[in-house]
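A short write-up of the structure that comes next.
The values are calculated or read from the model by the stated rules, or taken from the named source; none is laboratory data. Remember, predicted model here, so these are calculated numbers, not experimental data. Neighbour counts are summed over all protein chains in view; Cβ atoms, including those assigned to glycine, are modelled from backbone coordinates with ideal geometry.
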Amino acid sequence: MMGTIFGIPPQALFGQLLLGLINGSFYALLSLGLAVIFGMLNVINFAHGALYMMGAFVSWLLLTQFGIGYWWALLLAPMIVGLFGVALEKTLLSRLYKLDHLYGLLLTFGCALMIEGAFRHLYGVSGQPYPIPEALRGGQNLGFMFLPNYRGWVVVASLIVCISTWIAIEKTKLGAYLRAATENPVLVQAFGINVPRMVTLTYAFGVALAGLAGVLAAPIYQVSPLMGSNLIIVVFAVVVIGGMGSILGAVLTGYGLGLLEGLTKVFYPEASNIVVFVIMAVVLMIKPAGLFGRER
Amino acid sequence: MSLPSHGAATVAVGGSGVPMGRLIGLAALAVLLVAPFALYPVFLMKVLCFALFACAFNLLIGFSGLLSFGHAAFFGGAAYVTAHTVKVWGLSPELGILLGTVTAAGMGLVFGGIAIRRQGIYFAMITLALSQMVFFLALQLPFTHGEDGIQAVPRGTLFGLFDLNHPFTMYYFVLAVFLFGFAVIWRTVHSPFGQVLKAIRENEPRAISLGYRTDRYKLLAFVLSAALAGMAGGTKAIVFQLATLTDVQWQMSGEVVLMTLLGGMGTLSGPVVGAALVVALENYLAATNLPVPVVIGAIFVACVLLFRRGIAGEILARFGNGRPQA
């Protein structure tokens, strides 16, 4: 027995920190997708939470309707959500690029209402359970705490996805095109690169990340039509705190705020729902551009 | 953009040369005065409360170019304060609404002070996040009674003279509140202050270079908008004798955006039209089996893609002098 840390039993402290890290993994994945989309399209994708929910629902439907399990869902659900994103971008979003960016926000807000409303109409508001895959049941005793395997997997998986996205954007040729097109799309197009297609694919990739987060979340939280709507507002706050300028910033802020939220749950549980928003207000007072942002 | 023309289109009606806008306004007022004899008063009061809410929101987006996605915080926050002070402290309805309005103005000062540090999309996200904080506070604070909200708020007697339990008395009081709020907005938009706001909306760097402290103007507009949204929320709490989490939820913020967008951003009458349509539509949908959010979302998408000027904006663009003003 290790005694207590600041008057808190270590099991409770580490338990909440783990929970915070898991929430942080989802914040990171979602704010990463938002940042990638924003960088290229200058659109804040309000439908991100709804598409995260869609990812979870698609994997649930794959399992219950077609008997397709978790590992295939991990591949298929993000692809289906990504294809949905392609359709959304081609038919609706692409008409708005010449207008004020606020219209993109309003349009995706409308889309979010429609997607969530449709799922609510079809499946009701109650959550649907999704079983943890066979290989990831059970857990490890780390001495100071018990780590369920699935939760460890979520943290590792989201870290891998975030780091590989960062490498793909910062270190590869394709990423270089992407960054160039973010800076000056006209010039990049003049070099013979199909920028509109790149925009579509970027949006598809961003929402596929949301879909992936949804699949990862399905066995932890219940699959419900409302799972994305409150989450997306917290992720917006995360994005404001981190600043949209840097991919790495979005990811780090995501994990950091998840952990801080976990700590708040230990020491002052009443404030755990609002701590992210309070931090956002404080950051805006001190550094309006966000922790990693550039003043434009 | 072309130079703004002052005043409404002047059309000779019966050779008298009365401004067209004023005639329409008088006609609308007459309709509002006799409306409760033809339509269900509670429905009309709901329309008027939301119309004032939408007009307050429009003062910000339409005339200063700031998109707030968190106006439910002011509407719902004021509703809670009014409901609490009237029910628990036993205040009269006019004092309750006044306190709600003042609270909303104070919240507007704090939120506005934080949010105007960023612009455009960030402004929208910050206001949304701050209003979500208010939502969680409303969920957890003891005086708001969590999921139940504050119910059975007494309507009371206005100035100790008029019994608001009578539907017609209540209606004319709500109408008076609405007209007062509308007059404040009309006066603001047509004042030098309103002109500066429009200048900031069109070209902020230019306004700064002309020597205006644009942040102060934006903050004042934000506080005014929040206060009027609060007045609408407080009045709503008296009419429906209820303040609940629905009033502070983000869906409510989205709804007021839709009303303004549908009616016409930057027009004075647009938000009223939009509010009436959305409230009527929701009343209609409630009786059918159609999913309300899907229909609302579809209208949102249609507005953004097809008619961004909104109903009043399109009408003015076609029949007015090309410049949305009335």
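Filter the stretch A:243-267 for residues that are farther than 15 Å from A:Ser25 by Cα and part of a helix (DSSP H, G or I) and give the result.
Within the stretch A:243-267, A:Leu263, A:Thr264, A:Lys265, A:Val266, A:Phe267 meet the criteria.
Conditions tested, residue by residue: (1) without any contact (Cβ under 8 Å) to a residue 40 or more places away in the chain; (2) farther than 21 Å from B:Gly21 by Cβ; (3) of a type in the set (Ser, Thr, Tyr).
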position	(1), (2), (3)
B:Ala243	no, yes, no
B:Gly263	no, no, no
B:Ser269	no, no, yes
B:Val273	yes, no, no
B:Arg318	yes, no, no
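The set of residues in the stretch A:122-138 that are outside any loop (DSSP other than H, G, I, E, B) and either more than 14 Å from chain B (Cβ to nearest Cβ) or touching a helix residue (DSSP H, G or I) at 6+ places or on another chain (Cβ under 7 Å) (or both) comprises A:Gln128, A:Glu134, A:Ala135, A:Leu136. Of the numbered criteria (1) closer than 25 Å to A:Ala218 by Cβ; (2) within 8 Å of another protein chain (Cβ to nearest Cβ); (3) buried (at least 22 other Cβ atoms within 10 Å of the Cβ); (4) of a type outside the set (Phe, Trp, Tyr), the one A:Val81 fails is (2). Can you find, within the stretch B:242-301, the residue that is nearest to B:Asp148 (Cα to Cα) among those that are touching a Phe, Trp or Tyr at 6+ places or on another chain (Cβ under 8 Å) and outside any helix (DSSP H, G or I)? My answer is B:Ala243. Contact annotation: residue pairs with Cβ atoms under 9 Å, 6 or more positions apart or on different chains, pairing a residue in the stretch B:275-292 that is touching a residue at least 24 places away in the same chain (Cβ under 8 Å) and within 14 Å of chain A (Cβ to nearest Cβ) with a partner that is surrounded by 18 or more Cβ atoms within 10 Å (Cβ to Cβ) and of a type in the set (Asp, Glu), are B:Val278/B:Glu255.
Of everything listed in (1) part of a helix (DSSP H, G or I); (2) surrounded by fewer than 24 Cβ atoms within 10 Å (Cβ to Cβ); (3) within 14 Å of chain B (Cβ to nearest Cβ), the single unmet condition for A:Leu291 is (1). When each of B:Val196, B:Val153, B:Val184 is tested for being hydrophobic (A, V, I, L, M, F, W, C) and either under 19 Å from the mean Cα position of the chain (by Cα) or within 14 Å of chain A (Cβ to nearest Cβ) (or both), the lone residue that passes is B:Val184. With a requirement of 1 or more residues that are of a type in the set (A, V, I, L, M, F, W, C) and surrounded by 21 or more Cβ atoms within 10 Å (Cβ to Cβ), the helices (runs of 4 or more DSSP H) lying completely within the stretch B:121-219 that satisfy it span B:167-189, B:192-202.
Return yes when B:Leu175 is modelled with pLDDT under 95, under 22 Å from B:Phe111 (Cβ atoms) and of a type in the set (A, V, I, L, M) and no when it is not. No, not satisfied. Against the definition (farther than 25 Å from A:Gly258 by Cα and over 19 Å from the mean Cα position of the chain (by Cα)), how does A:Gly139 come out, yes or no? Spelling it out, it is not the case that A:Gly139 is farther than 25 Å from A:Gly258 by Cα and over 19 Å from the mean Cα position of the chain (by Cα).
Before we move on, is A:Val58 more than 26 Å from A:Pro133 (Cα to Cα) and of a type in the set (Val, Ile, Thr)? For A:Val58, the condition - more than 26 Å from A:Pro133 (Cα to Cα) and of a type in the set (Val, Ile, Thr) - is not met.
What about A:Leu147, is it surrounded by 15 or more Cβ atoms within 10 Å (Cβ to Cβ), under 25 Å from the mean Cα position of the chain (by Cα) and in a helix (DSSP H, G or I)?
For A:Leu147, the condition - surrounded by 15 or more Cβ atoms within 10 Å (Cβ to Cβ), under 25 Å from the mean Cα position of the chain (by Cα) and in a helix (DSSP H, G or I) - is not met.
For every residue, the table says whether it meets (1) crowded, with 16+ Cβ neighbours inside 10 Å; (2) of a type in the set (Asp, Glu); (3) more than 30 Å from B:Leu290 (Cα to Cα).
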{"residue": "A:Leu122", "(1), (2), (3)": "no, no, no"}
{"residue": "A:Tyr130", "(1), (2), (3)": "yes, no, no"}
{"residue": "A:Arg137", "(1), (2), (3)": "no, no, yes"}
{"residue": "A:Leu142", "(1), (2), (3)": "no, no, yes"}
{"residue": "A:Val155", "(1), (2), (3)": "yes, no, yes"}
{"residue": "A:Ser158", "(1), (2), (3)": "yes, no, yes"}
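When the stretch A:73-121 is filtered for residues that are among the aromatic types (Phe, Trp, Tyr) and under 14 Å from A:Phe46 (Cβ atoms), the ones remaining, listed by number, are A:Tyr103, A:Phe109.
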